[in-house]
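Let me begin by presenting the structure, written as structure tokens, before commenting on it.
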Amino acid sequence: MRQANQLVGKTLGELAKHIKPGVTTLQLDRIADEFIRDHGAVPTFKDFPNPYGAPFPASICTSVNDAVVHGVPDSKTVLRDGDIISIDCGTLLNGFNGDSCYTYMVGEVSEEVKALLRTTKESLYEGIRNACAGKHVGDIGSAVQDYCEQRGYGVVRELTGHGIGRAMHEDPQVPNYGRRGNGTMLKAGMCIAIEPMITMGDRAIYLMPDRWTVRTRDGKPAAHFEHTIVVRRGAAEILSSFEEAEAVEASRS
């Protein structure tokens, strides 16, 4: 699990080098696919079925601006200065899954959007701080929800984090809202993916005709950050990594 998630972090770092105005989401998908396979793994998302039975046609999800999650890479979506793009990435390595998401800034982004990204990432770590043995899934969701709603942001309800291991999606579901002390009790050794999906405006979403891309109803931006962690008796261990992507971003500032 650790190796699979480290590879996801490296892939997100490699993609960070290529995120700039003029690049298409399909180009990013091809870079990720090659990078993952060159490191002996398989992109988990490729051909992953949705509830409608449609296989996902790409290796990463590329969700731009008001797309919350599951954006499908294509040659028509060209990144522009001021955009944000959430890239969700999964790898299958030696029978185990890695899963992480990072929201990138494209060129010069408004202060309002920067605040959305900052709050969403911070809420992820608030959730992780509550992911220790003896607590409950509701403790994670409550921490994320409180942190974001107190700052005026919307918390998507219909999409959740999840257990992860030999399968990409396992029990339990890990919502980004809830009540402390409710839900599945966390036990040492459990691996879960925590992934706040936060909107600048209303939390209402809708599904595009492609049966994959989820967008905000009010057209305002959304951010998505995700780590795969292992529950411990003390602080959780984060298996995935943002270090590579953050290093690229820091080199540009």
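The values are calculated or read from the model by the stated rules, or taken from the named source; none is laboratory data. Since we're looking at a predicted model, the values are computed, not measured. Glycine gets a Cβ as well: all are built from the backbone with ideal geometry, and neighbour counts include every protein chain shown. We work out accessible area using only protein heavy atoms, side chains counted, and drop any ligands, DNA or RNA first. Shrake-Rupley method; radii C 1.70, N 1.55, O 1.52, S 1.80 Å.
Table for the structure above
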{"quantity": "Packing-based order for 190-196, 64-70, using average beta carbon neighbours within 10 Å, highest first", "calculated": "190-196, 64-70"}
{"quantity": "Between segment 141-164 and segment 175-253, the alpha-carbon center distance in angstrom", "calculated": "8"}
{"quantity": "Accessible area in square angstrom per residue, segment 1-130, 1.4 angstrom probe", "calculated": "42"}
{"quantity": "Only Lys, Arg (+1) and Asp, Glu (-1) charged, at Cβ; segment 137-243 dipole about Cα centre in debye", "calculated": "180"}
{"quantity": "Accessible surface of segment 61-210, 1.4 Å probe, proportion on carbon and sulfur as whole %", "calculated": "47"}
{"quantity": "Helix-only mean residue ellipticity at 222 nm for the chain, each DSSP H run of n ≥ 4 adding -39500 (n - 2.57), per residue, nearest 500", "calculated": "-9000 deg cm²/dmol"}
{"quantity": "For the chain, convex hull volume per residue from C-alpha positions, Å³", "calculated": "112"}
{"quantity": "Three-way shape label, segment 200-253, alpha-carbon gyration tensor, a/c 1.5", "calculated": "oblate"}
{"quantity": "Counted charge near R180, where neighbours are those whose Cβ lies closer than 10 Å (Asp, Glu -1; Lys, Arg +1)", "calculated": "0"}
{"quantity": "Gyration tensor (alpha-carbon) shape descriptor, segment 73-138, a/c threshold 1.5", "calculated": "oblate"}
{"quantity": "Furthest towards positive pole of dipole, I60, F35, H70, structure part segment 1-156, Cβ charges", "calculated": "F35"}
{"quantity": "Whole-angstrom gap from segment 27-85 to segment 89-134, using each part's C-alpha centre", "calculated": "16"}
{"quantity": "By average C-beta atoms within 10 angstrom, highest first, the peptides 161-169, 10-18", "calculated": "10-18, 161-169"}
